[in-house]
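See structure below.
The values are calculated or read from the model by the stated rules, or taken from the named source; none is laboratory data. For clarity, every value in this text was computed on a predicted model and none was experimentally measured. Neighbour counts are summed over all protein chains in view; Cβ atoms, including those assigned to glycine, are modelled from backbone coordinates with ideal geometry.
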Amino acid sequence: MSFDKSFENRIKAILGEEFDAFMTSLSTEKITALRVNLLKANTSERIEKIKTALSEDGTDFSSEINWEQNGIIYAGGAPGKHPLHEAGAYYIQEPSAMSPVYYLDPKPGEKILDLCAAPGGKSTQIASKMNNEGILVSNEIDKKRAQILSLNIERCGIRNALVTNMEPSGLSEVFEGYFDKILVDAPCSGEGMFRKNDEAIDNWSPENVRLCSRRQTDILKQAVKMLAPGGRLVYSTCTFAPEEDEYQAAMLLSWGMKPVKAELFEGMVSGDITNLQRILDTGENLLETRAVIDTLSEETQEEIKICSGRLWPHRIKGEGHFFAIFEKEGDISLNADLYGINGKVRTVNVDDIKPFSEFADEFLSDICIVPDENGKRKKASCRLVGELKGVPFMFGDQLYLAPEGMPGIGGITVMRPGLHLGTMKNGRFEPSHSLALALSKENVKHCHEAGSVSEAMSFIGGMSSRVPGLEKGWYLITIDGFSLGWAKYAGGILKNHYPKGLRIYT
């Protein structure tokens with residue numbers, strides 16, 4: 001593994017005597033981990049089912065992750081190729097990458113933005129802590145990456161997410177002062193991923209670090225604009241460059257953001273703005289940041305130490321990461337019932353979703369369509385028994401379910417406007433794969449359990465199966481109780497409805 005000499009000089013300036021230990025850590029095996037999805041594995045029994053199934057497939061679990069109680073470090077096996085992965089029972093995520101959401105501290109009922117969200121690790125982590133209550137906006141500027149984000153939101157059975165594909169500046173025009181909490185896991189030079197990503201090594205240069213720094217500052221300006229008074233903002237990167245880390249923290253403080261004390265876990269160290277000076281001392285040109293260094297007060301330097309943390313791969317079980325925590329001046333309780341300029345998403349007429357109502361009556365358990373309170377119009381507020389609830393609305397011929405209070409989508413480039421329930425086709429309703437993954441066997445009247453991993457993978461590969469003696473209609477296919485998708489039974493055959501674009505052929 002060969003590194004740019006400038007990179008080595010920078011890290012040596014920051015770490016001093018720890019430099020050799022750091023370099024040695026980059027030549028060791030990367031740490032692999034997964035995070036159990038509490039939206040699906042919401043009991044200790046279900047979590048044990050996941051562990052048992054993966055252990056039988058050759059996965060060895062070791063230590064838990066201090067800052068994520070549902071994260072587990074593992075070795076061996078192939079959890080990413082197991083049917084439970086396709087069922088969204090867990091998300092494979094590097095341990096250090098789980099730390100920013102711990103400090104964001106998401107709670108049910110909040111309005112939260114993940115501004116740079118692809119591929120979706122942190123968004124799905126946030127959603128699992130929101131328990132499908134509140135509003136989660138997951139945004140990604142790159143369309144292809146936004147599509148991957150949307151698929152991961154779907155796979156994890158998330159019901160309260162609006163996935164958008166917007167420039168931060170465009171998003172802030174719609175959501176000024178809207179969010180209770182914002183995570184900015186900013187695009188960066190990726191130094192913290194060198195152990196697991198050779199491309200990040202090849203693409204590194206001092207010029208790219210400075211380019212990333214300017215872009216991060218622009219993104220943060222928009223994030224601050226979208227944060228409600230009293231709201232919390234967590235900024236994070238997977239890089240060691242102080243121009244992308246402590247410098248951005250200094251900018252946030254200069255804009256009036258208030259530092260929040262970070263309680264660090266063993267192995268973490270505080271951020272330090274003097275890391276910028278150490279880079280300067282190597283002879284590197286940091287004209288854009290020198291003025292900031294010269295004007296920083298001792299109080300500001302101390303505030304950066306208090307509110308930020310660094311994760312180094314030679315100190316913890318994980319890759320490199322940085323985070324910093326801030327709040328905006330004000331009272332967040334005043335934001336509880338406020339909406340953006342688009343207001344709320346508009347519901348549909350009861351008659352317009354009659355095919356869905358008929359499908360629900362026949363195949364889903366305990367679902368009802370509730371007219372609006374004033375009775376003047378037959379508006380519907382559709383919910384399934386338990387946690388699946390919200391406002392149904394049409395997006396073309398597609399029926400979606402929005403969480404209560406979801407903002408209107410006018411003027412927004414949307415990849416996924418809530419939970420996709422299905423498609424209206426010539427007076428009938430066909431359920432979506434998203435709906436299957438958002439349901440459990442308790443939510444349906446017909447369920448068929450795959451009896452083995454091979455049977456489950458056969459279903460994921462698009463194979464239909466002959467099963468005698470079942471009732472006609474839609475069946476939720478499961479493995480170990482976790483939903484995989486739909487099949488429709490007729491003539492002794494469970495016809496496979498797993499989406500062709502998602503099939504895995506073995």
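So, in the range 446-456, how many residues would count as being modelled with pLDDT under 95 and either charged (D, E, K, R) or within 27 Å of the chain's Cα centre (by Cα) (or both)?
0
Given (1) of a type outside the set (A, V, I, L, M); (2) in contact with a Lys or Arg (Cβ under 9 Å, 6 or more places away or on another chain); (3) more than 18 Å from GLY157 (Cα to Cα); (4) free of Cβ contacts under 8 Å to residues at least 40 places away in the same chain, where does GLY76 come up short, assuming only one miss?
Evaluating GLY76 over (1) of a type outside the set (A, V, I, L, M); (2) in contact with a Lys or Arg (Cβ under 9 Å, 6 or more places away or on another chain); (3) more than 18 Å from GLY157 (Cα to Cα); (4) free of Cβ contacts under 8 Å to residues at least 40 places away in the same chain leaves (2) as the failure.
Show the residue pairs that are 6+ apart or on different chains and have beta-carbon atoms under 7 Å apart, the first residue being within the range 445-460 and more than 20 Å from THR506 (Cα to Cα), the second being buried (at least 18 other Cβ atoms within 10 Å of the Cβ) and aromatic (Phe, Trp, Tyr).
Between residues of the range 445-460 that are more than 20 Å from THR506 (Cα to Cα) and residues that are buried (at least 18 other Cβ atoms within 10 Å of the Cβ) and aromatic (Phe, Trp, Tyr), the close pairs are LYS445/PHE363; HIS446/PHE363; HIS446/TRP474; HIS446/TYR475; CYS447/TYR475; HIS448/TYR475.
Would you mind stating whether PHE459 is modelled with pLDDT of 95 or more and within 21 Å of ASN42 (Cβ to Cβ)?
no
Could you pull out the residue among SER458, SER432 that is among the hydroxyl-bearing types (Ser, Thr, Tyr), under 27 Å from THR164 (Cβ atoms), crowded, with 16+ Cβ neighbours inside 10 Å and not assigned by TED's automatic domain parsing to the domain that holds ILE158?
SER432
Which one of these is part of a loop (DSSP other than H, G, I, E, B) and not charged (D, E, K, R): LEU264, LEU276, LEU334, LEU252?
So the residue among LEU264, LEU276, LEU334, LEU252 that is part of a loop (DSSP other than H, G, I, E, B) and not charged (D, E, K, R) is LEU264.
Show me the strands (runs of 3 or more DSSP E) entirely contained within the range 133-188 in which 2 or more residues are of a type in the set (S, T, N, Q) and either in the same structural domain as THR239 (by TED's automatic domain parsing) or out of contact with any Phe, Trp or Tyr (no Cβ under 7 Å at 6 or more places or on another chain) (or both).
Because the criterion is at least 2 residues that are of a type in the set (S, T, N, Q) and either in the same structural domain as THR239 (by TED's automatic domain parsing) or out of contact with any Phe, Trp or Tyr (no Cβ under 7 Å at 6 or more places or on another chain) (or both), the strands (runs of 3 or more DSSP E) in the range 133-188 that meet it are 135-139.
State yes or no: is ALA13 closer than 22 Å to HIS321 by Cα, over 22 Å from the mean Cα position of the chain (by Cα), in the same structural domain as ILE219 (by TED's automatic domain parsing) and at pLDDT 95 or above?
Judged against the criteria, ALA13 is a match.
Is the range 310-331 home to any residue that is in the same structural domain as ALA161 (by TED's automatic domain parsing) and more than 30 Å from GLU244 (Cβ to Cβ)?
Taking every residue of the range 310-331 in turn, at least one turns out to be in the same structural domain as ALA161 (by TED's automatic domain parsing) and more than 30 Å from GLU244 (Cβ to Cβ).
Can LYS495 be described as touching a strand residue (DSSP E or B) at 6+ places or on another chain (Cβ under 8 Å), basic (Lys, Arg) and under 26 Å from LYS49 (Cβ atoms)?
Judged against the criteria, LYS495 is not a match.
Do any residues in the range 203-230 that are closer than 18 Å to MET193 by Cβ have Cβ atoms under 7 Å from those of residues that are among the acidic types (Asp, Glu) and assigned to a helix (DSSP H, G or I), where the two are at least six apart or on different chains, and which pairs are they?
Matching pairs, first to second residue: TRP204/GLU191.
Do the conditions hold for GLY157, that is, is it surrounded by fewer than 23 Cβ atoms within 10 Å (Cβ to Cβ) and small (Gly, Ala, Ser)?
Answer is no for this residue.
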